[in-house]
Amino acid sequence: MAEPVGIQAWRQLLDAMIDNKRRHASVDDGLYPVTHPNPGATEEQLRDAEERLGRPLDPQYREFLGVANGWESYHFSTNLLGTSDIGVGDRWGETARTITQWFDETDTAEDLGVADDSTQFAPIADTGYGYAGCLYLYTGQSEEARAGSVFRLDIDSRTMWPDLYSYLHHENLEQGMYLAEQEMGPHARTWGRDIRPSPPTMAEIAAKLAELTALVKCVTPAQRRPGASQSELNLLTAHLGAALDSEHRELLAATNGLTSSYIGEVLSIGQILDGSRWREGILSAQEFHDELERQSVAMFGPRTRERLSVLQIVGSSSAVPFAVAPGELLAVGPDGEVRGLVRDAISELNGGWHPPHGSVREYLLKVCDHIWDQTARNR
């Protein structure tokens, strides 16, 4: 069962959730008005709920109900059930029927690694719009999940959270990230400010990459290098026979090459001029995708589509080499957009299309966001 976290921890989390609801109401013009959790349940109310269930409540969930006995529209249209809903009434019955139907018609039990028994999932939240957002407390026991774990029903949901506190904490964090973007613009959550009036310089972005990657376990921090000189930049421009994209130029002036597991290897001027690292990347990308194709053929049989030729892709591109990553080659096009040359070619072979990653600055800012989100969720 899930261990109690303490009354103070619940109150701090609930205060943060209420604060986010206030912020949300201000950015969505009142579409989702502010609501508050109910006062905590009495011991008598908790015992009555347990009597209806025929078993004790999960200790952590019992502690939560003692602080907040339900919460209408706590997250958009999702409502946390109170003791008066437990084991009785339309809310409980409808939410229980929903998980039963879901188990009957999908492979959810197998995906979650639990017994195919929907009665082991007790409703703790319902929603006013269909099934998405219904929450369940797992009461069984398996190698993949313990009693007290939380499951959120959704079309692609395959996650069991360790307990209710962990789930609500994560959900509130995600909402805070969204609100930061709404209030202060893109990338605000990572930089803690509205960067639109004064975007971070490339030197600041490189420093941020090093700072963020240092927080990730089992990942080598981003390795920066001394910036390129003016003469080196001019030499590259002369080699290209055209002006170097201004943001690519600024990055090279800040760090003449950069290595990060989240990007790969951003090429230095010397590497762009020499071309050997780019050629190695071409061979590596070809081997990477040939192996993927072999695995696909082994599983699904041969296909008639044209074989991906990385060398042909690169040879037909006028983009300037930017970075080498596993299975991918990033380049800066004449429009200043960073493109995944291999990704784009695969999409084209499959009859699709991928938008570019954005300008050099935008691409690196997105990488910073990705790392920040990852580290924030693990705090």
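Only the coordinates and a few stated rules stand behind these numbers; no lab work does. Because the structure is a prediction, the values reported are computed rather than measured. Here the Cβ positions follow ideal geometry from the backbone for every residue, glycine too, while neighbour counts run over all protein chains shown.
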H370-S229 FRET efficiency (beta carbon distance; Förster radius 41 Å; 0.05 resolution) = 0.85
Distance in nm between pseudo-label sites at R294 and R47 (7 Å out along the Cβ direction from Cα) = 6.9 nm
Theoretical FRET efficiency, 1/(1+(r/R0)^6), r = Cβ-Cβ of A147 and A214, R0 41 Å, to 0.05 | 0.65
Equivalent-ellipsoid semi-axes (√(5λ), Cα gyration tensor) for segment 51-157, whole Å, largest first?
-> 20, 17, 12
Please report the base-10 log of the normalised intensity I(q)/I(0) for segment 121-218, using a Debye sum with one equal scatterer per alpha carbon and no solvent, at each q in 0.20, 0.25 (1/Å).
-> -0.99, -1.24
Cα-based helix-to-principal-axis angle, 89-105 vs the chain, degrees rounded to 10 | 50 degrees
Computed over the chain: longest principal axis from alpha-carbon atoms vs helix 276-300 long axis, angle to nearest 10 degrees, is 40 degrees
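How large, in Å, is the chain by the Kirkwood hydrodynamic radius built from its alpha-carbon pairs? Each step should come with its number before you reach the end.
Working: mean 1/r = 0.0408 Å⁻¹.
After inverting the mean inverse Cα-Cα distance, the result is 24.5 Å.
Quick check for me: using +1 on Lys/Arg Cβ and -1 on Asp/Glu Cβ, what's the dipole size of the chain about its Cα centre, in debye to the nearest 20? Before the final figure, lay out each step's value.
Details: 33 positive and 56 negative charges, 248 e Å.
For the chain, the charge dipole is close to 1200 debye.
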Dipole axis of the chain (+1 Lys, Arg; -1 Asp, Glu on Cβ), positive-most option in G241, W353, V34 = G241
How big is D, in µm² s⁻¹, for segment 194-377 by Stokes-Einstein at 20 °C and 1.002 mPa s if Rh is the Kirkwood radius over C-alpha pairs?
-> 122 µm²/s
In Å and whole numbers, how far do the C-alpha atoms of segment 320-379 stretch along each principal axis, longest first?
-> 41, 25, 19
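Between Q101 and S26, what FRET efficiency comes out of the Förster formula 1/(1 + (r/R0)^6) with R0 = 35 Å and r the beta carbon distance, rounded to 0.05?
Details: r = 38 Å, r/R0 = 1.08.
Once rounded, the FRET efficiency stands at 0.40.
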Interatomic Cα distance distribution for segment 226-335, bins of 5 angstrom, percent = 2, 11, 20, 21, 16, 11, 7, 5, 4, 2, 0
Range of Cα positions in segment 1-112 per principal axis (Å), largest first = 40, 36, 27
How far is helix 360-377 tilted off the main Cα axis of the chain, in degrees rounded to 10, range 0 to 90?
-> 30 degrees
Treat the count of other C-beta atoms within 10 Å as a stand-in for reagent exposure and order F76, F300, F103, F121 from fewest to most.
-> F300, F76, F103, F121
